[in-house]
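The block underneath contains the structure these notes are about, expressed in structure tokens.
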Amino acid sequence: PVLLVLGNSRNTAVKAAVREAMRGAGRDIDVPPSKLLLEGAKEKDLALVQKLLPAARDALRSMPGAPFDKVCDAAGKLNVWSTVESLFQSPKIFDDVASGRLTVHGAYCDVKTGKVQFLGQHPAEQSLLEKGPPLDVVRIASDAPIPPLEALCSLAVGNRRYIKGAGEGQGQNYVLKALAGGGQLPAAIILGCADSRAPVEIYFDMQPGDLFVLRTAGNTIEGGYGGLLGSAEYAIAVLKTKLIVVTGHTLCGAVTATVKEVLSKEGMPTENLGIVVDNIRAAAEMAVETLPDAPLVQQVQLATKLNVFEAMQKMMKHSTIIRDGVASEELMLVGAVYNIEDGSLDWVGPHPEQEKIVGSTLHVHRWREAPYSRKSMLPSSPDARAIIDRLQAGNKRFVEQDELHGVHENPSIVHDVDPDTILIGSSNLRVQYEDVFDSKPGQMLVQRSMGNIAGHAGGAMFASLEFAVARFLPKVLVVVGHSGDEVVNAALQQLSGAKMPSKSMRHVLDQVVPSCMKAVSDADNDSASGETSGGRQLRVEQTATELNALYTIKQLLVHSPIIRAAAKSGSLELHAAVLDSSTGRVDFVGQHPLVAELLARD
């Protein structure tokens, strides 16, 4: 196959980068003015402009006296080659090109005439290949923090791989070197037991750099101070970790000893061992009081779970940064019990009195824990309502193939109007979204990605969306999932313990798995989820697809200052929709049910 990287003339983002390059070269007089941006946004500070600046500067160096439009065309073509070079950083793409299974070509479209100039393969492709295959992606300190729910799901999926014997968590030399040079960005803080039968990194199937591990006998926290809490706070404040997991385990010697001590009233043989027992005693006493006549093994099982909650409570009570992080829902704190006999994890969830402890209503947590049912949040503004009506009418024409309006007119008109709609859709849908909504040229800006994800803050997809919102001031952003999405199905397979994909593919799946996990959990807890296995699976896929579109919206509202500001001002609304791949019909889900609560965060 051929992978084509297509640039285009009159590219708004390239123009912005060239403007900055020319200003930096002292050619302010030759720079045409930029159009109005979102209030408070500065063109030079937009992440996408910064990503394009190297190509713009190189273009200017190659033709220092050329007019603005000529420099923009040169920068656009250089950016094509920059994108090809970035693609060669993928081990999969590199190997396929090197073996001849894939050819990567560049091309450049003149939007005024519609003509495409094919540029061929990268002029330095051979030297790029001679450098040798790139190493797989390693998460380092300069990367964006991992959202807590994605981190949690990554741990759950890793444990399922471990149980099935498909684990691959051992670190390779390149991983160690990357972490040594680039620093760490752990996905989670784990407070676990020191028991040698409970190897945390192994049963989560994680690599070096993935986990910040704290281990004590009985996974205990001593009092309200000390190095353990301080270590956790360091990971949160400095390493940007957003998830804490407290893990107990079955047949824990420390918990068993404490329960026996409560029953027998005998002390511990050493003072320091007595301190460990003292930190578990409250959980042991409650277990014995709750199950006074039960066998020891059952009392220990309950005490183990209660001890996990006790550690979680101490963390929130004695650490301001943890308490405030949980209260703002920027930090997740959950518990689990590891079964040392079969390797599985029993996720016990957050502390049952979490809201009371932190003194805050946790809206996102409540919504996530409740069974999902669609709560249609209709457009709030007249402009958004008119656009959604237009999209629905266009989709109806597409489905019925009746009086289609979105004919392919002269492409030059595309740049005479600014789009009022941004659409995030899936790369693997084999139809144009402009056709699905029968949109005229220029009405809609479409960004496609596998699984209709938005990526993470600082990444190219996020930067592209933020530039579009700041530059074009659209009224609506629609995230469209579709039935039968291969990415959703791949994420569901991860929940079944499938082999870990490449790091690049994992970057995509990690953002889709949270919705799949929620859909599976809802189906497991609903007797009406389907009378047959096929019916249940269909419902899971439908729910996961819808939730995934809403999750993308949540990530944009929480992590993009530009999109958040536009939404808070009322100038932009974000809506979810699902396309039926068999009919082409689009079902509009509406705004995120928690849009008000998400925007109310500081």
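Quick look at the numbers
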| quantity | calculated |
| --- | --- |
| Breaking point among (1) among the basic types (Lys, Arg); (2) within 31 Å of the chain's Cα centre (by Cα); (3) not in a strand (DSSP E or B), for residue 112 | (2) |
| Residue 95 vs. criteria more than 21 Å from residue 467 (Cα to Cα) and without any contact (Cβ under 8 Å) to a residue 24 or more places away in the chain | no |
| Those residues of segment 432-471 which are in contact with a strand residue (DSSP E or B) (Cβ under 9 Å, 6 or more places away or on another chain) and touching a residue at least 60 places away in the same chain (Cβ under 8 Å), in sequence order | 436, 437, 451, 452, 453, 454, 464, 465, 469 |
| Single residue of segment 23-46 satisfying the filter (of a type in the set (A, V, I, L, M, F, W, C) and either open to solvent by less than 80 Å² (accessible area, probe 1.4 Å) or part of a helix (DSSP H, G or I) (or both)) that is nearest to residue 457 (Cα to Cα) | 46 |
| Test: residue in segment 144-165 that is in contact with a Ser or Thr (Cβ under 6 Å, 6 or more places away or on another chain) and in a strand (DSSP E or B) | no |
| Where residue 380 falls short, out of the listed (1) under 30 Å from residue 40 (Cα atoms); (2) surrounded by fewer than 16 Cβ atoms within 10 Å (Cβ to Cβ); (3) at pLDDT 95 or above | (3) |
| Some residue of segment 539-550 being among the hydroxyl-bearing types (Ser, Thr, Tyr), open to solvent by less than 30 Å² (accessible area, probe 1.4 Å) and either in contact with a helix residue (DSSP H, G or I) (Cβ under 9 Å, 6 or more places away or on another chain) or closer than 21 Å to residue 205 by Cβ (or both) | yes |
| Scan of segment 12-29 for residues that are without any contact (Cβ under 8 Å) to a residue 60 or more places away in the chain and either β-branched (Val, Ile, Thr) or in contact with a Pro (Cβ under 7 Å, 6 or more places away or on another chain) (or both), ordered by number | 18, 29 |
| Residue selected from segment 274-300 under the condition buried (at least 22 other Cβ atoms within 10 Å of the Cβ) and not hydrophobic (A, V, I, L, M, F, W, C), by the criterion modelled with the lowest pLDDT | 279 |
| Residue match in segment 146-166 (condition: in contact (Cβ under 8 Å) with a residue 12 or more places away in the chain, open to solvent by 70 Å² or more (accessible area, probe 1.4 Å) and more than 28 Å from residue 497 (Cβ to Cβ)) | no |
| Residues of segment 125-139 satisfying the condition of being more than 25 Å from residue 508 (Cβ to Cβ) and open to solvent by 40 Å² or more (accessible area, probe 1.4 Å) | 126, 127, 130, 131 |
| Residue within segment 362-382 that is part of a helix (DSSP H, G or I) and within 30 Å of residue 435 (Cβ to Cβ) present | yes |
| Residues that are of a type in the set (Asp, Glu) and surrounded by fewer than 18 Cβ atoms within 10 Å (Cβ to Cβ), drawn from segment 553-602 | 580, 587, 597, 602 |
| Lone qualifier among 41, 107, 47 - being under 25 Å from residue 507 (Cα atoms), in contact (Cβ under 8 Å) with a residue 40 or more places away in the chain and of a type in the set (A, V, I, L, M) | 47 |
| Leading residue by the ranking (farthest from residue 159 (Cα to Cα)) among those in segment 211-266 that are acidic (Asp, Glu) and open to solvent by 40 Å² or more (accessible area, probe 1.4 Å) | 266 |
| Counted residues, segment 506-534 - those being open to solvent by 30 Å² or more (accessible area, probe 1.4 Å) and either in contact with a Pro (Cβ under 8 Å, 6 or more places away or on another chain) or free of Cβ contacts under 8 Å to residues at least 12 places away in the same chain (or both) | 11 |
| Helices (runs of 4 or more DSSP H) wholly inside segment 203-307 containing at least 2 residues that are of a type in the set (Ser, Thr, Tyr) | 227-237, 253-264 |
| Residue identified as touching a Cys at 6+ places or on another chain (Cβ under 8 Å) and either open to solvent by less than 40 Å² (accessible area, probe 1.4 Å) or over 30 Å from residue 456 (Cα atoms) (or both) among 205, 195 | 195 |
| Hits in segment 422-445 (condition: hydrophobic (A, V, I, L, M, F, W, C) and surrounded by fewer than 18 Cβ atoms within 10 Å (Cβ to Cβ)) | 431 |
| Residue 242 vs. criteria under 21 Å from residue 145 (Cβ atoms) and of a type in the set (Lys, Arg) | yes |
| Among the candidates 498, 463, residue that is among the hydrophobic types (A, V, I, L, M, F, W, C) and open to solvent by less than 20 Å² (accessible area, probe 1.4 Å) | 463 |
| Residue in segment 550-561 that is of a type in the set (Phe, Trp, Tyr), under 19 Å from residue 398 (Cβ atoms) and at pLDDT 95 or above present | no |
| Unique residue being surrounded by fewer than 21 Cβ atoms within 10 Å (Cβ to Cβ) and β-branched (Val, Ile, Thr) when the list is 334, 326, 399, 308 | 399 |
| Selection within segment 343-357 - open to solvent by 90 Å² or more (accessible area, probe 1.4 Å) and assigned to a loop (DSSP other than H, G, I, E, B) | 352, 353 |
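Yes/no per residue for (1) modelled with pLDDT under 95; (2) under 19 Å from residue 125 (Cα atoms); (3) of a type in the set (A, V, I, L, M):
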site	(1), (2), (3)
57	no, no, no
65	yes, no, no
78	no, yes, yes
84	no, yes, yes
95	yes, yes, no
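The values are calculated or read from the model by the stated rules, or taken from the named source; none is laboratory data. On a predicted model such as this, the values are computed, not experimentally measured, just so you know. Quick reminder, even Gly has a Cβ in these numbers, built from the backbone with ideal geometry, and neighbours come from all protein chains shown. Remember, those area values only see protein heavy atoms, side chains included, never the ligands or the DNA or RNA. Shrake-Rupley method; radii C 1.70, N 1.55, O 1.52, S 1.80 Å.
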